[in-house]
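Engineer: To start, I am sharing the structure in question, which I have written as structure tokens.
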Amino acid sequence: NAGVTQTPKFQVLKTGQSMTLQCAQDMNHNSMYWYRQDPGMGLRLIYYSASEGTTDKGEVPNGYNVSRLNKREFSLRLESAAPSQTSVYFCASSPGSLYNEQFFGPGTRLTVL
Amino acid sequence: QKEVEQDPGPLSVPEGAIVSLNCTYSNSAFQYFMWYRQYSRKGPELLMYTYSSGNKEDGRFTAQVDKSSKYISLFIRDSQPSDSATYLCAMSAGTGRRALTFGSGTRLQVQP
């Protein structure tokens, strides 16, 4: 099993450009999440999807949109990138147990110039 | 004030030392607690999870929860250079959307 995979690994954008970060999991998990990680800020939830067909905002959703394409795939879109969106983005999935333990992908390092 | 506080370190110890990593939290609804290890430029990796108060042991790692003090700890015995990483605590109330709230992480360096 590959677990959680993310593409691309690295990306450099200019202000105003758009892009989509892709995430897929092969663990048959119901829930999927997008986080950003910034120095000293820890992991902050952007959006999550409790199950296929549902999405909901997290702590820092402004400037982002998501699509839960099917049970395996959950994408994050930046419509008009800003330098404040320079960060490392992690996708995670969870089986939906009471603990809500989450399993993370390797991350995408995004720089917006 | 953050819901979960964690000393960022770095914490530097010699190989073989016992390491204590800690988090404090303010939300009394938290009852599920997790520790993640994150190597440089990698994704967080789940190490251990515990429910409510008490201890849980897994090899060289022991997780401890004191709900009355809102304080959780991760102990690493016989620390190895390969334990050098950032350790993140995470917790959830187990209700509602059951999102995890993370500490900002403590960077550990084990010197050979």
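Only the coordinates and a few stated rules stand behind these numbers; no lab work does. Note that the coordinates shown come from a computational prediction; the quantities given were computed from them, not determined experimentally. For neighbour counting, all protein chains shown are included, and Cβ atoms are generated from backbone atoms with ideal geometry for every residue, glycine included.
Engineer: Show me, bin by bin at 5 Å from 0, the whole-percent P(r) of chain A based on Cα pairs.
Structural biologist: So the P(r) values, bin by bin, are 2, 13, 25, 26, 19, 10, 4, 1, 0.
Engineer: Which of B:Ser26, B:Val13, B:Ala99 sits closest to the plus end of the dipole of chain B, meaning its Cα is farthest towards the positive end, when Lys and Arg get +1 and Asp and Glu get -1 on the C-beta?
Structural biologist: B:Ala99
Engineer: With each label point set 7 Å from Cα along the Cα-Cβ vector, what nm distance links A:Gln17 and A:Asn70?
Structural biologist: So the label points at A:Gln17 and A:Asn70 sit 3.0 nm apart.
Engineer: Nearest-5 percent of antiparallel DSSP beta bridges in the protein assembly as shown?
Structural biologist: 90
Engineer: Follow-up question, since we're still on this one. Can you tell me, using C-alpha contacts under 8 Å and at least 6 residues apart, the relative contact order of chain A as a whole percent?
Structural biologist: Relative contact order here is 35 percent.
Engineer: Need one number for chain B: average projected area of the convex hull over its C-alpha atoms, nm².
Structural biologist: That works out to 6.9 nm², a quarter of the Cα hull's surface.
Engineer: Considering only A:Gly40, A:Gly63, A:Gly96, give the residue with the highest GNM mean-square fluctuation for chain A, with springs between Cα atoms whenever their separation is below 10 Å.
Structural biologist: Looking only at A:Gly40, A:Gly63, A:Gly96, the largest GNM fluctuation is found for A:Gly40.
Engineer: Only Lys, Arg, Asp and Glu count, each charged at its Cβ (+1, +1, -1, -1), so figure out the dipole size of the protein assembly as shown about its Cα centre, rounded to 20 debye.
Structural biologist: So the dipole magnitude of the protein assembly as shown works out to roughly 460 debye.
Engineer: Calculated FRET efficiency, B:Tyr51 and A:Ala2, Cβ-Cβ r, R0 35 Å, to nearest 0.05?
Structural biologist: Using R0 = 35 Å, I get an efficiency of 0.75.
Engineer: Please tell me the relative contact order of chain B in percent, rounded to the nearest whole number, where contacts are Cα pairs under 8 Å and at least six residues apart.
Structural biologist: 37
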